[in-house]
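Let me begin by presenting the structure, written as structure tokens, before commenting on it.
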Amino acid sequence: MSNKNDNDPDGLRLPIKIDTTSNGEFLPIPLGRHNRVANETALHWADQNARRTSQSRRRFLTSSCGAATTLLAMNSVNAAAGQRGGFFDLPADAAFDGQLASASLEGDEFIFDVQGHYVDPMGSWLKQIPEFARPYASMPKADCDLYYEGDPRSYLDCLGPKEFIKDIFMDSDTDMMVLSFVPSAADAEPVTIEAAAATRQIIDDMAGTSRLLLHGRVNPNQPHDLERMETLANTWGISAWKTYTQFGPDGKGYYLSDDIGLEFIEHARDLGVKVICIHKGLPLGRNSYEHSKCTDIGVVAKQYPDMSFIVYHSGYVAGRKEASYDPDKADDGVNTLIKSLLDNNVAPNSNVYAELGSTWRYLMREPEDAAHVLGKLLKYCGQDNVLWGTDSIWYGSPQDQIQAFRAFQIAPELRVAHDYPELTSALKAKVFGLNATVPYKISAEEVRLRASADRVRQQKANYQNQPNPSYATYGPKTRRQFFDLLRLNGGQRS
């Protein structure tokens, strides 16, 4: 029987969410025929397997077998479409055998997500837009039970900290997260440092331990941002800086290797916060396209070996067809990051980290591209320097990204041909969280020990008695939703 408050009582949403959702930094990309057929096949198989196991389809889909069924359907259809370079490695019987499904898709890794977002529903940013405006109202997540008549903007609670906490810490295996920021002027931030710190406090009060770290947003080419850095470091206890080299006045970005970029790095170093997270790959508009490339990363990494540079999205450009690294075709995407490292003699496993937010989420639907991107990053950035990130809130709970990554494998033929590593459980555990403990200077053992008895863990244990995941995605799915979001951010993509 379905709970009357069930997020999906008819079981129409798959637990592995392959759809057109964007994070607002690239136009939603239509699903290929193989993606659509895979979703249809997964629902059909789920219906059959639910009957076989005497469950409702909704209950079946919320089990590990439901996720296994979805991934197996994707394997079948992807292989038929000629995509055999990457696959989800789990036994066929996992579709209806709970123990087999759990062995493949559940785990006890330390999961440290270095990129998460939410929207402050009470923020001062609302004062910057007309009273009649309904920001983010077209987002699918905005249509939730938290809306009530009499307050036309109450739907924003659907995107706020309580839903954020449920998605991240109740409906996924995430242990720890960095709350990041979108590009914006200081007076129009969808989440301010104050609101982010308040959310961190909510979680600290629940947990008695630190599960949420904060970035400090800095765009040095924007008025007052450099002057603001001391307050961010000393008052708010940030763990790293977040910058968008594509963002700036009139949509024009900057390079870290420019004078203004070097001034930013020097100031960060002087303040003792030596981790800089740089948004790369997904361009924020025509004027900033050149600054989305990673040509400056190797330059500053070589110049500042005591600093850590985390490249968000790994420089990936959504929708790009991927292959092995070719220096003659390194003019865009992940290849520009690799070329910059090689040109500047920045060795693997040094001070440049590749982050997977939005990158892995998109690549889940294109397994051969996924195999090449992961293989290249692990080979050239290093097996110690690829970091887990999901870019949630836009894609809903990151549990499907976690489960898909647990099961993913690069085909042996590609590994041999291009010297890519096998994705062992130990290597995946490093990507999931152990690698990020180095630049962020935290102890995974201490965090997990303290978290084992905190209120988040206790609440999750109670919640798991009757879980109610939404399997919904929140970001724009259509061109119209994308441009609505773009207008909200003043023409600069966020």
Flagged in the range 266-300 as part of a helix (DSSP H, G or I), modelled with pLDDT of 95 or more and out of contact with any strand residue (DSSP E or B) (no Cβ under 7 Å at 6 or more places or on another chain), in numbering order, are GLU266, HIS267, ARG269, ASP270, LEU271, GLY298, VAL299
Regarding PRO152, is this residue at pLDDT 60 or above and farther than 22 Å from SER392 by Cα? yes
Verdict on PHE247 being in a helix (DSSP H, G or I) and aromatic (Phe, Trp, Tyr): no
Got at least one residue in the range 380-401 being assigned to a helix (DSSP H, G or I), buried (at least 19 other Cβ atoms within 10 Å of the Cβ), β-branched (Val, Ile, Thr) and in contact (Cβ under 8 Å) with a residue 12 or more places away in the chain? no
Here is a check on your reading of the model: is SER340 more than 30 Å from SER172 (Cβ to Cβ), among the hydroxyl-bearing types (Ser, Thr, Tyr) and not in a strand (DSSP E or B)? yes
Please list, ordered by first then second residue, the pairs with beta carbon atoms under 7 Å, 6 or more apart or interchain, first in the range 315-337 and touching a residue at least 24 places away in the same chain (Cβ under 8 Å) and within 14 Å of GLU290 (Cα to Cα), second surrounded by fewer than 20 Cβ atoms within 10 Å (Cβ to Cβ) and among the acidic types (Asp, Glu). VAL317/ASP332
For LYS293, indicate whether it is within 21 Å of ALA436 (Cα to Cα), of a type in the set (D, E, K, R), free of Cβ contacts under 8 Å to residues at least 60 places away in the same chain and buried (at least 22 other Cβ atoms within 10 Å of the Cβ). no
Subset tally (residues that are over 19 Å from the mean Cα position of the chain (by Cα) and of a type outside the set (D, E, K, R)) for the range 208-244: 20
Those residues of the range 330-382 which are under 23 Å from TYR255 (Cα atoms) and within 16 Å of the chain's Cα centre (by Cα) amount to TYR353, ALA354, GLU355, LEU356, GLY357, SER358, THR359
Pairs, please: C-beta under 6 Å, at least 6 apart or cross-chain, first residue closer than 30 Å to ASP454 by Cα and in the range 209-223, second among the small types (Gly, Ala, Ser) and assigned to a loop (DSSP other than H, G, I, E, B)? LEU213/SER239; HIS215/SER180
In the range 98-126, anything at pLDDT below 55, of a type outside the set (A, V, I, L, M, F, W, C) and more than 24 Å from the chain's Cα centre (by Cα) is listed as SER124
Name the one entry in LYS441, LYS428 that is in contact (Cβ under 8 Å) with a residue 60 or more places away in the chain and either of a type outside the set (A, V, I, L, M, F, W, C) or surrounded by fewer than 18 Cβ atoms within 10 Å (Cβ to Cβ) (or both). LYS428
What residue, among those in the range 353-369 that are in contact with a Ser or Thr (Cβ under 9 Å, 6 or more places away or on another chain) and among the hydrophobic types (A, V, I, L, M, F, W, C), is farthest from GLY32 (Cα to Cα)? ALA354
How about the range 40-57: which of its residues are crowded, with 21+ Cβ neighbours inside 10 Å and touching a Leu at 6+ places or on another chain (Cβ under 7 Å)? ALA42, ALA46
Reported set for the range 241-260 where residues are surrounded by fewer than 23 Cβ atoms within 10 Å (Cβ to Cβ) and modelled with pLDDT of 95 or more is TYR255, SER257, ASP258, ASP259, ILE260
Quick one: count up the residues across the range 445-476 that are part of a loop (DSSP other than H, G, I, E, B) and within 17 Å of SER397 (Cβ to Cβ). 11
Which of the residues belonging to the range 390-425 are modelled with pLDDT under 95, farther than 16 Å from ARG13 by Cβ and small (Gly, Ala, Ser)? SER392
Out of PHE60, PHE26, PHE87, PHE96, report the one residue that is crowded, with 18+ Cβ neighbours inside 10 Å, aromatic (Phe, Trp, Tyr) and closer than 26 Å to LEU427 by Cβ. PHE87
Suppose we keep only residues that are over 16 Å from the mean Cα position of the chain (by Cα) and at pLDDT below 95 within the range 310-325. Which one would you say is surrounded by the most Cβ atoms within 10 Å (Cβ to Cβ)? ARG320
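The values are calculated or read from the model by the stated rules, or taken from the named source; none is laboratory data. All values reported here derive from a predicted model rather than from experimental measurement. Please note: Cβ atoms are built from the backbone with ideal geometry, for glycine as well, and neighbour counts cover all protein chains shown.
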